[in-house]
Amino acid sequence: MTSRIAQRWPTLRVTLSAHLPFIAVLWVLFTVVALVIAGVVGMTNGMPDSVVHDAATQAPRWLLFGLGLDLVGTYLRLQLAHGRTRREFLGQAVAHAVLISGFAAVLVTLCYLAERALYAILDWPQTLDRTGLFTAADQYPVIFGAYWLALLLWTAAGVLIGLGFFRSSGAGVLTIPLGLVVVLPSIVVVGNSGLPFLGDELAGVGLSTAAVLGASAGLFVLAVGLAWAMVRDVPMKTKAP
Amino acid sequence: MSTFIEADRLSLRYDNTVTALDEVSFTLTGGKIYGLLGRNGSGKTSLLSVLAGYRKASGGTVTVGGRPVFENAEVTGQVCLVRGTGDAAVSNVKVKELLDFAGHLRPSWDADYARELAELFELSLDKTAGALSHGRQSALGIVVGLASRTPVTMFDESYLGLDAPARYKFYDALLAEAMAHPRTMILSTHLIEEVSALFEEVLILDEGRLVLHDDAESLRAAGSAVTGDAEQVDRFVDGMRVLGEKRLGRTKSAMVYGELDADRRAQAHAAGLDLGPLALQDLFVHLTEPARAEQGEPR
């Protein structure tokens, strides 16, 4: 990042410097664990479907959701304490969400590539047990795009719920269903619900790609709008001693 | 940037039920050290939070350099408020990173001075803020406030948890900083006697209202401490407004409100009594004692 960008986007610099290394470290861990599990399952139960696909459609989104929460819980207070405004924070938080979800999508896509290499060595086919916007494990541009979109929605939901709780416990509880609505298209995008009350019926609802993209864009804009409504005059309460 | 601070009928209500600030108006010309005093719940933190843009006022206006504060980056970037141990002390982040973040976020940040202060207060840069003792967390807040080098810097009970030597280090550093880099500093504190020598002006809040705003010298001259033989002191202060008394054996000290003319001073001298300046703390207690408010006595 050039110093000029760093000066214009100080909040972004701070948040990215905290979250990007964290994502990278967890990605290494995730990749190693997923490939070890694939190897063990393959040795004991025969050729498995893509283990990376099973894991990647579930675990990374919770990480990005958590980072969305952290963006507010940790960094909003820090920004305000250093004289930055709520408007600046939200603008740079949106950019942050786009960048970290894109970064995480690149890493997830690399996981598919790494798994393909392992399966090729073992002479296993890399098959998917469920499909979303992508139908094969080697459609890398679509895989990248699908994860970017899904992870972006989960990050936005984290920011939204984080802001709710930054306002008050009551507002926080009210934003949970809103966050759930925001992430709904991600289920169709990756073809896996992974949520306790929303079964895979939604994943197989048969929406066109255009409809999914349109709904995702609409819900992302809605999430940003709601986030602005919550943050624009939010008081920074004193910390508990 | 001008640090002329003006509050006009400033009000703050919580949940539309609790009034934290009730039409507070004042003007601070800037470039001085101001003392903000008040009992617990008097509205000190609320007032400072509005001045820093941490909260939006419910009514009235507050401007710094003639410009409104809330959500105005040009102003909030010039203002730093450290409440207690400081809002910038994120518990799971290392001290070193927190100071780096401050450097990214504050154009006026002085990183060398921050390191110097961190050494002075013996802060471990590699520890997370949450792993620091309460006193060290307060010291971190002080480092953030002083090294921000913002034209308006405010400390709200930032001494909490600091032991006496560390508190004196803070006062010394603050005074040195105010002389080397003159700026508007507002200190909210309960340790009035310990800090009062630093104050150039004093504001006293009580139940959300500003009950006094004056320069510290005038306040100290507004009354006297009369010390001497107990009987002589009692005779001398008879009929005067006594703010407080202390007694040790036959020696007594009484704080009286109101100027003493030359005749009275001569009488005190003749009676062997010492006359000293009024202690701000006694004046503060007098102005904020509940009985005065209940009696409706003017302040």
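What follows is calculated from the coordinates using simple rules that are stated; it is not laboratory data. None of these values were measured; they are calculated from a predicted model. Every residue, glycine among them, receives a Cβ derived from its backbone with ideal geometry; neighbour counts consider all protein chains shown.
For the stretch B:105-177 and the stretch A:123-194, what is the centre-to-centre distance using only Cα atoms, to the nearest Å?
Cα centroid to Cα centroid, the span is 42 Å.
Note down the Stokes-Einstein diffusion coefficient of the protein assembly as shown in µm²/s, whole number, using a Kirkwood radius over alpha carbon pairs, 37 °C, and 0.692 mPa s.
Estimated diffusion coefficient is 122 µm²/s.
For A:176, B:186, which order do you get if you count the other beta carbons within 10 Å of each Cβ and list the fewest first?
Placing the least packed residue first, the sequence is A:176, B:186.
Work out the mean other chain Cβ neighbour count within 10 Å for the residues of A:231-238 and drop it here as an integer.
Counting other chains' Cβ atoms within 10 Å and averaging over A:231-238 gives 5.
Which of these, B:201, B:122, B:23, has the largest mean-square fluctuation under a Gaussian network model of chain B (Cα springs below 10 Å)?
Maximum fluctuation in the GNM of chain B, among the listed residues, is at B:122.
Scan chain A and note any complete DSSP helix (H) whose C-alpha atoms cover at least 18 Å along its axis and whose Kyte-Doolittle average is -0.5 or more.
Membrane-span-like by this criterion, though nothing is claimed about a membrane: A:10-45, A:86-122, A:140-167, A:169-190, A:209-231.
What ranking do A:42-54, A:158-170 get when scored by the average of other Cβ atoms within 10 Å per residue, highest first?
Descending packing order for the listed peptides: A:158-170, A:42-54.
In angstroms, what radius of gyration and Dmax does the stretch B:74-169 have, counting Cα atoms only?
In order Rg, Dmax, the Cα atoms of the stretch B:74-169 give 12.1, 37 Å.
Across the stretch B:188-203, in residue order, what do the Karplus-derived ³J(HN,Hα) couplings come to in whole Hz, using 6.51 cos²θ - 1.76 cosθ + 1.60 with θ = phi - 60° and x for Gly and Pro?
9, 7, 9, 8, 5, 5, 5, 10, 4, 5, 7, 6, 9, 9, 10, 10
Please list, or write none, the aspartates and glutamates whose alpha carbon is within less than 14 Å of the alpha carbon of residue B:94, excluding same-chain residues fewer than 8 places away.
Within the straight-line limit of under 14 Å, residue B:94 reaches these aspartates and glutamates: B:126.
Relative contact order of chain A, please, whole-number percent, based on alpha carbon pairs below 8 angstrom and at least 6 residues apart.
Working: 295 pairs, mean separation 54.1, N = 241.
Taking the mean separation of contacting Cα pairs over the length of chain A, I get 22 percent.
For every other residue with a beta carbon closer than 15 angstrom to the beta carbon of residue B:270, add +1 if it is Lys or Arg and -1 if Asp or Glu, then tell me the sum.
Details: positive: B:235, B:264, B:265; negative: B:229, B:231, B:261, B:263, B:274.
That works out to -2.
So which lysines pass the test for residue B:96, namely a Cα distance under 19 Å, with those fewer than 8 places away in the same chain ruled out?
B:127
Compare B:70, B:236, B:284 in a GNM of chain B, Cα atoms joined below 10 Å, and give the one with the largest fluctuation.
B:236
Could you put B:80, A:111 in order, starting from the residue whose Cβ has the fewest other Cβ atoms within 10 Å?
Going from sparsest to densest Cβ surroundings: A:111, B:80.
Would you mind checking the radius of gyration and Dmax of the stretch A:17-78 based on alpha-carbon positions, in Å?
15.4, 51
Count, for each residue of B:99-108, the Cβ atoms from other chains sitting within 10 Å of its Cβ, then give me the mean as a whole number.
Mean number of neighbouring Cβ atoms from other chains: 5.
Among A:239/B:169; B:44/B:169; B:56/B:169; A:237/B:32, which pairs are too far apart, with a Cα-Cα distance over 31 Å?
Over 31 Å apart, Cα to Cα: B:56/B:169.
Once you've got the GNM for chain A with C-alpha springs shorter than 10 Å, pick whichever of A:81, A:38, A:146 has the biggest mean-square fluctuation.
A:81
Quick check: the distance between the Cα centres of the stretch B:220-265 and the stretch A:10-65, to the nearest angstrom?
77
Give me the log10 of I(q) over I(0) for chain B at q = 0.08 Å⁻¹, as the Debye formula computes it from C-alpha points; what are the numbers?
One equal scatterer on each Cα of chain B leads to -0.41.
Where does chain A land on Rg(C-alpha)/(2.2 N^0.38 Å)?
Values: Rg = 19.0 Å, N = 241, 2.2 N^0.38 = 17.7 Å.
After normalising by residue count via 2.2 N^0.38 Å, the value is 1.07.
Go from 0 up to the bin containing the longest alpha carbon distance in the stretch B:123-247, width 10 Å each, and give me the % of pairs per bin.
10, 32, 29, 17, 9, 2, 0
May I ask for the distance between the Cα centers of the stretch B:82-97 and the stretch A:207-222, given as a whole number of Å?
Answer, in whole Å: 40.
What does the charge add up to near residue B:56, with Lys and Arg as +1, Asp and Glu as -1, over the other residues with Cβ less than 12 Å from its Cβ?
+2
How high is the relative contact order of the stretch B:137-280? Use alpha-carbon pairs under 8 Å, at least six apart in sequence, and give a whole percent.
20 percent.
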